[in-house]
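Shown next, in structure tokens, is the structure this report addresses.
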Amino acid sequence: MKKMLSGITATGNLTIGNYLGAIKQFIEYQKNNKMYVFIADLHGITVPIEAETLSNNIRNIAALYLACGLNPQKTTIFVQSDVAAHANLAHIILCATTIGELSRMTQYKDKSSKQKKNNNTSFIPTGILTYPTLMVADILLYNPDLIPVGQDQKQHVELARNVAERFNNRYGKIFTIPEFITPKIGTKIMALKDPAKKMSKSDKNTKNTIFLLEDPAAAKKKILQSLTDNENKVYYDLENKPGVSNLMNIMASVDDISLQEITDKYKDLGYREFKNDLGDIIAKLLTKIQTQYNQIINSQKLDKILEQGANEARIVADKQMAIVKEAVGLTYKQKNA
Ligand code: TYM
């Protein structure tokens, strides 16, 4: 049994990218491992966001975790800001990193250039730069062995490894060195109209994205209208057929089948049949998730689960925080008092 930890940032409506790259893994791993899964609300304020939107997002993500099958009896589900140690440790981690190290992060480069382009402003929130230090703190507080995430988070997990090693070399063995783990298929779901870029919850063009809470019929339409090519033959070729390959990845991942099985099934059929079937598969998945979600979203049970999760998480995080404080010298009590 391994200890695992992961989270999702509360910046928007979750997409099938979040589901296939992250949540679906959590559901699988919780069977035989101890998982800590949280809603990264503190990460949500690293870019400007309305207060009401943020708090709705937090609740939505929590309800979606449960709707997708996370089991609070097995998995500790909590909200990041409910556990004060996250922000505390983040400051200590921040002081153990360099500006060079943080500004080399791909997501920092992407997000800061988007901020300039989309909002036509030179206002770059410091939070975009320091974001990974908070993520490193999230991870190192729980000494997890594995971090199940999509491909785009690999660099941040590597930073967590580097910082953990740096700390351990200086202060003795404090942190477990975590490993990145990602699904073979579904680790990077691409935008439907622009398969060169990642499907993202913050994409301005909503035709690129399938949201877990959108109308299933509208989601199917997006699949039917997704960008492919003129060949009308279903086979996997990421370089030359990125659109079809992305749709194949989605189908394989949702239905747990291989790319070869898909190629064989559609060998004598064209894109219309393939897209139509995938549209149905997605609509079915969304309907199933949304049925569960609607039963949970307004329930008090949700609040109780998050409260219980925060209590569980605090026990682990506070203990680790005390060890870190002691190691770095943030103590003043007489040793033998
Ligand atoms: P976030 O909120 O951007 O994404 C949440 C999870 O979804 C995965 N993901 C995708 N997977 C496949 N295809 C896509 N198109 C796609 N888009 C997103 C992400 O890889 C991620 O696993 N910083 C993190 C949240 C976080 C965290 C942590 C994760 C905060 N602290 C500690 C792990 C451990 C983030 O913003 O993910």
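Structure notes:
- Total residues in the stretch 23-40, condition assigned to a helix (DSSP H, G or I) and either surrounded by fewer than 24 Cβ atoms within 10 Å (Cβ to Cβ) or out of contact with any helix residue (DSSP H, G or I) (no Cβ under 7 Å at 6 or more places or on another chain) (or both): 6
- Single match in Ala164, Ala160 (criterion: within 12 Å of the ligand (Cβ to nearest atom), out of contact with any Lys or Arg (no Cβ under 8 Å at 6 or more places or on another chain) and assigned to a helix (DSSP H, G or I)): Ala160
- Looking only at the stretch 96-113, residues that are of a type in the set (A, V, I, L, M, F, W, C) and not in a helix (DSSP H, G or I) come to 2 in all.
- Matching residues, the stretch 288-302, being exposed (fewer than 14 other Cβ atoms within 10 Å of the Cβ) and β-branched (Val, Ile, Thr): Thr291
- Boolean, Leu20 is within 12 Å of the ligand (Cβ to nearest atom) and either touching a residue at least 12 places away in the same chain (Cβ under 8 Å) or surrounded by fewer than 18 Cβ atoms within 10 Å (Cβ to Cβ) (or both): yes
The rows are residues; the columns are (1) surrounded by 17 or more Cβ atoms within 10 Å (Cβ to Cβ); (2) in contact with a Gly (Cβ under 6 Å, 6 or more places away or on another chain); (3) over 29 Å from Asn33 (Cβ atoms); (4) not assigned by TED's automatic domain parsing to the domain that holds Glu312.
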| position | (1), (2), (3), (4) |
| --- | --- |
| Ile92 | yes, no, no, no |
| Ile99 | no, no, yes, no |
| Asp110 | no, no, yes, no |
| Asn118 | no, no, yes, no |
| Phe123 | no, no, yes, no |
| Val136 | yes, no, no, no |
| Leu140 | yes, no, no, no |
| Pro144 | yes, no, no, no |
| Glu165 | no, no, no, no |
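- For the stretch 122-131, residues that are touching a residue at least 12 places away in the same chain (Cβ under 8 Å) and more than 8 Å from the ligand (Cβ to nearest atom) total 6.
- The stretch 240-264, residues that are in a helix (DSSP H, G or I) and free of Cβ contacts under 8 Å to residues at least 24 places away in the same chain: Met248, Gln260, Glu261, Asp264
- Unique match (being crowded, with 19+ Cβ neighbours inside 10 Å, more than 9 Å from the ligand (Cβ to nearest atom), part of a helix (DSSP H, G or I) and of a type in the set (Lys, Arg)) among Lys207, Lys222: Lys222
- Residue within the stretch 303-322 that is among the aliphatic types (A, V, I, L, M), surrounded by 14 or more Cβ atoms within 10 Å (Cβ to Cβ), closer than 30 Å to Ala67 by Cβ and without any contact (Cβ under 8 Å) to a residue 60 or more places away in the chain present: no
- Sole exception among (1) more than 16 Å from Gly150 (Cβ to Cβ); (2) under 11 Å from the mean Cα position of the chain (by Cα) for Ser55, by number: (2)
The values are calculated or read from the model by the stated rules, or taken from the named source; none is laboratory data. Fair warning: this is a prediction, and the values are worked out from it, not measured in the lab. As a convention, Cβ positions derive from the backbone with ideal geometry for all residues, glycine included, and neighbour counts pool all protein chains shown.
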